[in-house]
Structure formats: structure tokens, C-alpha cells
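To start, the structure itself, in C-alpha cells.
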Number of protein chains: 2
Amino acid sequence: MLRDSLIDIQVRAMPDQLVQALESAIVFGELPAGTHVVEEEVAERYRVSRSPVREALRRLERDGMLVRDERRGVRVAPISARDLDEIYMCRIPLEGLAAAQAAAMHNPDVIPRLNVCLNDLERCFKSGDIKGYFIANVAFTDLVHNAAANSTLASLLEGIGKRALRYRYFAYSTAPDLVTASVEGSREIVDMISDRNQTGAKKVTEKLIERSWKTIRNLIDA
Amino acid sequence: MLRDSLIDIQVRAMPDQLVQALESAIVFGELPAGTHVVEEEVAERYRVSRSPVREALRRLERDGMLVRDERRGVRVAPISARDLDEIYMCRIPLEGLAAAQAAAMHNPDVIPRLNVCLNDLERCFKSGDIKGYFIANVAFTDLVHNAAANSTLASLLEGIGKRALRYRYFAYSTAPDLVTASVEGSREIVDMISDRNQTGAKKVTEKLIERSWKTIRNLIDA
DNA sequence: TTTTTGGGTACTGGATCCAAAAACCGAAGT
DNA sequence: ACTTCGGTTTTTGGATCCAGTACCCAAAAA
């Protein structure tokens, strides 16, 4: 039908786009921690009214990217060692579970897609394209999350994954050589998933994240 | 001044109140799964405009209590064995982590408070007060979550905890004797926490939740 | 009788609008 | 010079308005 071919012109709802835009601005440090975000300004900047902006801000608040002072507006969430610890403590078991489930499901056509991602990852790593590396990395983890076939788990991970990304971008952009371990680890995870090795996938994933945690932590403390 | 004495009647923000109200209506089955929730009706029912209602609905959607069909509004999320499985699969490691952290922190004055909760739990159980039992149970788990001193973890658990509550209320109200295991398990958890036994607390918690999962699952399948 | 089409209705999503709280600023008084 | 008070401005939070879309039903066409 004609409708079917036209229907996806309306790609995404407006608040989604705003969330996307603000989110990456926060992750990539264009909006530094603590910046006061004013509804009216965002609305003007993106040529929309305050309604969709308000919704977008609420969502970002819920994801922990923004914090709200009642009746005083929102500001970009501060980053801190404490916050980092909280996030990673939660990420470890959840990412582990996702990897294990992905291995358990063993959807045959995710392996090639994971490999494609892996290549992107390596390419960006070698060419020193930090931002590109992060895009590829998000795509990779998203694939794993989807392969786990648990939308509840996926949405939990999406939220804290983004928060983690802030710290990771901060860490990797100050010490670019950190990505090495990440690339290796990702390859190991793919191996475990294609072997249907649930506990293996879980263990490898948890180790990788734990290591990432420690490394970032050291960098922040310094 | 008179104004000052009146001003704090407005204890919480309006959307919060709406979330609270709708949430419990959903958990306790007053709004059955699939019910179409119309913004205008809710607004009229609670004597507010659509703005705060919209925000409340967005939040409930985000927590998985409501689902949205683009441009067609929201309805109460359907319940299903699949959904139950997703929730519990996530709850197990997270609740386990929370219990372990609570044991690690060992804030001395949470133990008596947990015991108070435990008594409430037992009393409601004995008098067959299902709804009261649930209130006490939420208070209990909230205490554990707070004792873990990880607000990120707490907020993750708050979200899926509520979704789980729907299933638990459904299960317990059809087979009231199920609560027995829950009361015992809760006591064990308190013991582990006061012994500062992290792995023990984790194990016991995970077991308890896993058991609850299986039981509810059987009931749903039937 | 079944399918299509047109109009009417209902509801969401976005844009204003308005009130009230908080931040800002400047003048007066200590 | 420093604080305090009062008015002004900014900005949030809630109410209302308007446009666009999906749904329903009835009438016309096949």
C-alpha cells in the first residue's frame, strides 16, 4: 500500500529529536556539567515551542543526564567519582546478563553484524577517531542488548549506558590509548556469544567493564 | 502569615500525585490491563489541566506501567508471562546487588527499622491484609535499597519494582498463602545484612526472588 | 451484500498564555 | 562599605487554545 511507503517519512517525534541533540551535546562535553539549561533558550534554538522541550528535559532528567531543582529549572548533571561508581556497579551485572542472554538466544544473524561493528570499532581506533569510535561502540552494545531479546533489560541498559558514555568520552579523550583493551574485549565477547557460552560471555563482559571502570576511576582521581 | 500556612498544603508536585494515584490504581487492578487512558478524563477526574496529566502519563509510560500508540494515546500495559520473565530476570541481579551493598554498608540504624517493617509484614500476613502486606513490603525493599546507598541502583529498582508489584498483587490475591515464603525470606535477608555477610545477603535475596518468580509464573500459566 | 468514501467526532501533540516563585538589581539606611 | 528592603525581570509550572490525525458510522457505489 501507498501509506506503508510514506509512513516512515515522519521519522521521529520532536521530543525524541531534542533528546538526541541535547544528549550528544552533553556526552561530548559541548554542554559542560553544571550548565543551567533554560527551556525557552532550547525552544528558540531548535525553533519549537516549550512543550516538546519540557518533555525532552523531563526525559533527560529521568535518565540522569540532567538534574532538576524544584522551581529553579534543570542543569547538566555534575560528574563525580561517586556517580561513576554507582553507574558501573549497576552496569556490571546488567551488561553481564545481557551478554549471557545474547549467547543463550544465539540468533544466527547477529554474529556477522557484530563483526561488522567490530571492524568499524577497529578502524576508528586505528585512525584515532574518538567520536566515531564511540558511535560504533554504542552500536555494538546496542546489538548485544537487542540480541538478548529482553526489552526491559535493553531499556535499563540504554539509560545507564548513556550516563556511562559521558565518563568514557571524558576518559578516552584525555587518554586515547585506553581503547585498546576495549577493542580486544569486544572481540572476546563476540567469540563467547557465537560459542553459545553463556557464563563465558557474562564473565568476559563483566571483566571488561570492571576494568574500564577502574581505569576511568584512576583518571578521574588524578 | 496566612499565606505561609496555606502554602504547604501543596505538599508535592502535581504530576507526582497523579503518578502515585494512577500507579496504585494500576497495581491494584482498578485500571485493568489494556484500559485506554484518556488525558482529558484523568484531568477532569483530578481537577487539573492536561499539562500535568501529560507529564504523569509520560512517566508511567517510561516506567512501563502504560504503553503508548503513537497519536492514539496510552493504555494500561498488558501483563504477560514474557513481560514477567523480563522483569524478574533483571530484578534478580539488581536486588542481589542492593542486598549485598546494604550488607557492605552496614549502617547501624537500618537494622531496627528493617525489623519494624518485618513485624508489619508479619502482622498483615496473619490478619490476611493483602494490600497492607504490599505496602509494608514496598517499605521493606525501599529500606534495603536506601541502605545500599546507591541512588542509581535505587531508581532502577524502583521502576521495575513497581512493575513487579502488579504481578505480585495479582498472584497473591488469587493464592494468598504464597506470602509465607516471602516473610521467611525477608527475615533471612535482615539476618545476613546485620551479619555484614555480602555474598550471603545476595544469595538469599536472589533465591527468594527466583522462587517468587517461579511461583507467580506457574499461577499465570494456569 | 460488501466495499469504499465522505463527513463528523474525539483525541493527541504542539503553541501560547498566565500566574507565581525565584533570581536580580539598585537605592536607601546603617 | 555593607546590608536590607522593594521593585523588576526571568523562568518555571499549570491552563488553554488550535491544528492535524485517527476512528467511527453512514451513505453511495460496486
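The values are calculated or read from the model by the stated rules, or taken from the named source; none is laboratory data. Predicted model only: the values in this text are computed from it and were never measured. A quick note on method: Cβ atoms are made from the backbone with ideal geometry, for glycine too, and the neighbour counts reach across all protein chains shown.
Being more than 22 Å from B:Cys90 (Cα to Cα), assigned to a helix (DSSP H, G or I) and over 10 Å from the mean Cα position of the chain (by Cα) is true for just one of A:Leu143, A:Leu178. Which residue is that?
When all the criteria are applied, what remains is A:Leu178.
From the list A:Lys162, A:Lys126, the one residue that fits, being under 22 Å from A:Trp213 (Cα atoms), away from chain B (no Cβ under 11 Å), modelled with pLDDT under 95 and out of contact with any strand residue (DSSP E or B) (no Cβ under 7 Å at 6 or more places or on another chain), is A:Lys162.
Being in contact with a helix residue (DSSP H, G or I) (Cβ under 7 Å, 6 or more places away or on another chain), assigned to a helix (DSSP H, G or I) and among the charged types (D, E, K, R) is the requirement here; does A:Glu188 meet it?
yes
Condition (residue is within 16 Å of DNA strand D (Cβ to nearest atom) and part of a helix (DSSP H, G or I)) applied to segment B:59-72: is it met by at least one residue? Checking segment B:59-72: at least one residue is within 16 Å of DNA strand D (Cβ to nearest atom) and part of a helix (DSSP H, G or I). Output the residue which, of all residues in segment B:146-159 that are within 9 Å of the chain's Cα centre (by Cα) and in contact (Cβ under 8 Å) with a residue 60 or more places away in the chain, is nearest to B:Glu210 (Cα to Cα). Out of the qualifying residues, it is B:Leu157.
Taking the conditions exactly as written (more than 10 Å from every other protein chain (Cβ to nearest Cβ), away from DNA strand D (no atom under 13 Å from the Cβ) and touching a Leu at 6+ places or on another chain (Cβ under 6 Å)), does A:Leu114 satisfy them or not? Before you say what the answer is, go through the steps one by one.
Numbers: more than 10 Å from every other protein chain (Cβ to nearest Cβ): yes; away from DNA strand D (no atom under 13 Å from the Cβ): yes; touching a Leu at 6+ places or on another chain (Cβ under 6 Å): yes.
When the stated conditions are applied, A:Leu114 passes them.
The single condition from (1) more than 14 Å from chain A (Cβ to nearest Cβ); (2) at pLDDT 95 or above; (3) over 12 Å from the mean Cα position of the chain (by Cα); (4) surrounded by 17 or more Cβ atoms within 10 Å (Cβ to Cβ) that B:Lys207 fails is (4).
Might you let me know whether segment A:105-120 holds any residue that is in contact with a helix residue (DSSP H, G or I) (Cβ under 8 Å, 6 or more places away or on another chain) and within 20 Å of A:Gly159 (Cα to Cα)? Checked against the condition, which is being in contact with a helix residue (DSSP H, G or I) (Cβ under 8 Å, 6 or more places away or on another chain) and within 20 Å of A:Gly159 (Cα to Cα), segment A:105-120 yields no hits at all. I'd like the full set of residues that are within 7 Å of DNA strand D (Cβ to nearest atom) and more than 14 Å from B:Val19 (Cα to Cα), limited to segment B:30-51. Correct list: B:Ser49 only.
So which residues in segment B:18-58 are assigned to a helix (DSSP H, G or I), within 16 Å of the chain's Cα centre (by Cα) and surrounded by 14 or more Cβ atoms within 10 Å (Cβ to Cβ), if there are any at all? Selection gives B:Val19, B:Ala21, B:Leu22, B:Glu23, B:Ser24, B:Ala25, B:Ile26, B:Val27. When residues in segment B:54-86 are screened for being within 13 Å of B:Leu22 (Cβ to Cβ) and more than 10 Å from chain A (Cβ to nearest Cβ), 10 of them pass.
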